[in-house]
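If you scroll down you'll find the structure; I have some questions about it.
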Amino acid sequence: MEVEKLRDYLGIQDSSKDSMLEFIIADVEETIKNYCNVKEMPEGLLFTAYRMAMDVYRNENLGQEEGDVLAVASITEGDTSVTFSKSGESDFKKSLLKDYEKTLQRYRKAAFT
């Protein structure tokens, strides 16, 4: 994966976010290699990796100096209780791999422990 291509796919015009994009690329490649139980990134998953990287960039708000936006997770009226969670935190992290699982399955190798 190349930072320049990811930057282009995301519509980023300058190189100010390159270090964050490099981190995202490394993270996505590591996720794919770990899931597929391989040492090298399968060439057939290149476009899937770019799509995953774009999803990570758009959904995880990496590099933001401000704290995470909190969303109300639950409200209880009797004895008043309000629970907060980071906005979109659980939904996105749980769904990212599932969105690409069918594609990744074709490249997955059995792991023996």
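Subtracting the Cα-Cα distance from 0.36 nm times the residue separation, let me have the gained length for residue 103 to residue 23 in nm, one decimal.
Working: separation 80, 0.36 × 80 = 28.80 nm, distance 2.27 nm.
In short, 26.5 nm is gained.
Here are some pairs, 33/109; 39/102; 5/109; 33/98; 33/102; which of them have Cα atoms lying more than 22 Å apart in this structure? Display every interim value, and only then the final one.
Details: 33/109 10 Å; 39/102 20 Å; 5/109 28 Å; 33/98 15 Å; 33/102 15 Å.
From 33/109; 39/102; 5/109; 33/98; 33/102, over 22 Å: 5/109.
No value in this document is a laboratory result; all are computed from the given coordinates. Since the model is a prediction, treat every value here as computed from it, not as a measurement.
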